[in-house]
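The values are calculated or read from the model by the stated rules, or taken from the named source; none is laboratory data. Note that the structure is predicted; figures quoted are calculated from it, not measured. Virtual Cβ from ideal backbone geometry, glycine too; neighbours counted across all protein chains shown. Just the protein is used for accessible areas: all its heavy atoms, side chains included, with ligands, DNA and RNA removed. Shrake-Rupley method; radii C 1.70, N 1.55, O 1.52, S 1.80 Å.
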Amino acid sequence: MSTTTLESFSMNKALEGYLKKKQVIPSDEEVNRRLQALRILQTVANRWCMVCSQKHFGHKIHVSNCAVKIMTTGSYRLGAFNPGSDIDTVIVCPSHLSRTDFWDNFLPMLESHPEVKDITPVRDAKVPIIKCHIKDIDIDILQAVTSMQYSTESIDVLDDNILEAMDSTCILSINGVRHAEAILKELPDLTRYQLLLRAVKQWAKARGILNNAMGYLNGVSCAIMAAVVAKDNPNALPSVLFAKFFKYWMDYDFTMPVRLCDTESTAVCAVPEWRVNISRPECMVVLTPIFPAFNSMLRTKASHLQLIYEEICRANTILETLTRHSIGSVGKKKYKGLCKAVYSKVFKERKFFFCYKTFLQISIPTEHSGLMESKMATIVDNLQKYVTPRYSAYDQFHPLSYGIENPQANVPTMTYFVGLHIDKDEQKKLIERQANVMLKQRLDITDALSRMRTESEWMVFNVCENSSLPSFLEVNIEENPKYHSERAKEEEEATVDEAQQKKRTATQMEGDVHDSSAKQIKIENNQVLARPTISLITRTVS
């Protein structure tokens, strides 16, 4: 497809119009509100820096030179954020501002600011973080301490040497910033890339495969995969890039790592770089674009990759419709309508509870739901490993997850549903029985369950059909277009089964008659006669 044809311009207009209609592109008011929130955060950080620097140095000449730098990462830094999405930030600090200063001084200052609400510090995480709301915007705050003295305003985050004096926590904290800056460095046209990335994430979200906790695509992997396509097609419009995205990844051999650029470095740091693991090969590898590179799809299993690939192929097939038509053949107006129809189909929401007939239902108290979400992919994958080799219970295993508050529970409870494709009812019962046996015997389904031993008694496994989903879901399965055709098919099969059963019963009755009539009755001094025994037939019928 040419990158500058009338068709591509029409496609681009339709794509942009669809994303605006879905409110994927933020308004100017939304953009300004985020800038205001970041200014408030910078004000608090500057005050914290001054106070701590005064205690540390005690000389005004040094204190006046001290400064911290707030850097953003993720979709906000790439300019592809959606309305309502959070802002990931990192406070890059000079060497004298320690992690102790961050928690003992910065956190209280943040809590005392009237514009900062709902502050949640998470000190014990692998990457310590403070979550808060500023101007009704979710903001995540990390800290990275560098070896720079006094000020970090002039720091070059792409310089690998800055990592050498950092511990692993600071490296992991600043990695997000480095990833975003490395992606931006590789892009030939930022504006076109931003629209492409928004479209890709909207597609993945609508189709239920944008879920990092469950092992599907995430913001980092989407950004890298979109950047690879944009880099290879520097002059293409966003609509053309969007079509090429699916064609490119449909043909890609995912046994090979996805690389945006070379990440080799002579620097030494406390975090190991990704290496091929022959003993435990990873199903999908999308490497981050800077040293130390790591796999952004580490949680992806074979079943996840299968569903991702199916969705990529589906989108590619739909978008190829546009290449088979032209404005010259169908007219400008009809082609415009075709573009809208095609994009509506590509972005059509995949209704989770319509996709499967059987679901594994896992309930857990809300207070433990955070750990559950982070370990759901592993729980599902290990359950699959446990059941499949013994019972062949799965035709396909697509562990899409859906979590929702259960208002009918006695205690605040989150209920998770995992969609299953299962052949037989008996195999479904085996899954339910084995899941509960593993839980009651406190066997390790996963590392997550072993860490949740004290709470595991609160977890409840259940297998349910789509026709008997809990009422609090408010799912009307009859709204599914497939429901009526499937019901008709089931009724037809039931009618056939009933007819076959009647035929078998009639055949059995005839056999009973034959066996009874063959009964030999001896009459003394006479011949042997064969006489039907009607009473036997009567009892058989009754």
Evaluation of residue 316 against (1) surrounded by fewer than 19 Cβ atoms within 10 Å (Cβ to Cβ); (2) touching a Phe, Trp or Tyr at 6+ places or on another chain (Cβ under 7 Å); (3) assigned to a helix (DSSP H, G or I) (one fails), failing number: (1)
Out of 232, 189, 262, 251, report the one residue that is under 30 Å from residue 164 (Cα atoms), of a type outside the set (Ser, Thr, Tyr), out of contact with any strand residue (DSSP E or B) (no Cβ under 9 Å at 6 or more places or on another chain) and open to solvent by 10 Å² or more (accessible area, probe 1.4 Å). 262
Determine whether residue 87 is surrounded by fewer than 22 Cβ atoms within 10 Å (Cβ to Cβ), under 30 Å from residue 30 (Cα atoms) and either of a type in the set (Asp, Glu) or in contact with a Phe, Trp or Tyr (Cβ under 7 Å, 6 or more places away or on another chain) (or both). yes
I need a count of the residues in the stretch 271-288 that are assigned to a loop (DSSP other than H, G, I, E, B) and either closer than 22 Å to residue 209 by Cβ or in contact with a strand residue (DSSP E or B) (Cβ under 9 Å, 6 or more places away or on another chain) (or both). 7
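Tell me which residues, restricted to the stretch 321-354, are within 19 Å of residue 202 (Cα to Cα) and either modelled with pLDDT under 90 or not small (Gly, Ala, Ser) (or both). Break it down into steps so the answer makes sense when it comes.
Just the residues of the stretch 321-354 that are within 19 Å of residue 202 (Cα to Cα), to begin with: 339-352.
Result: 339, 340, 342, 343, 345, 346, 347, 348, 349, 350, 351, 352.
In this structure, does residue 214 turn out to be in a loop (DSSP other than H, G, I, E, B), open to solvent by less than 10 Å² (accessible area, probe 1.4 Å) and not small (Gly, Ala, Ser)? Steps first, answer last, please.
Details: in a loop (DSSP other than H, G, I, E, B): yes; open to solvent by less than 10 Å² (accessible area, probe 1.4 Å): yes; not small (Gly, Ala, Ser): yes.
So residue 214 fits the description; yes.
Just need a number here: residues in the stretch 90-126 that are among the charged types (D, E, K, R), in a loop (DSSP other than H, G, I, E, B) and either open to solvent by less than 50 Å² (accessible area, probe 1.4 Å) or over 17 Å from residue 39 (Cβ atoms) (or both). Talk me through it step by step, then tell me what you get.
Quick first cut of the stretch 90-126, residues among the charged types (D, E, K, R) only: 99, 101, 104, 111, 115, 117-118, 123-124, 126.
Of the ones still in play, those that are also in a loop (DSSP other than H, G, I, E, B) are 115, 123-124, 126.
Next, from what is left, pick out any that are either open to solvent by less than 50 Å² (accessible area, probe 1.4 Å) or over 17 Å from residue 39 (Cβ atoms) (or both): 123-124, 126.
The qualifying residues number 3.
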If you check every pair at least six apart or on different chains, which have Cβ atoms under 6 Å apart with a residue in the stretch 86-114 that is touching a residue at least 40 places away in the same chain (Cβ under 8 Å) and more than 14 Å from residue 130 (Cα to Cα) first and a residue that is of a type in the set (Asp, Glu) and assigned to a strand (DSSP E or B) second? none
Go over the candidates 304, 368 one by one and state the one that is open to solvent by 20 Å² or more (accessible area, probe 1.4 Å) and modelled with pLDDT under 90. 368
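Name the single residue that is surrounded by the most Cβ atoms within 10 Å (Cβ to Cβ) among those in the stretch 127-153 being aliphatic (A, V, I, L, M) and within 17 Å of residue 100 (Cα to Cα).
Narrowing the stretch 127-153 to residues aliphatic (A, V, I, L, M): 127, 129-130, 134, 137, 139, 141-142, 144-145, 148.
Then drop every residue that is not within 17 Å of residue 100 (Cα to Cα), which leaves 127, 129-130, 141-142, 144-145.
On the way: 127: 17, 129: 16, 130: 23, 141: 26, 142: 25, 144: 28, 145: 24.
Across the stretch 127-153, the extreme among qualifying residues is 144.
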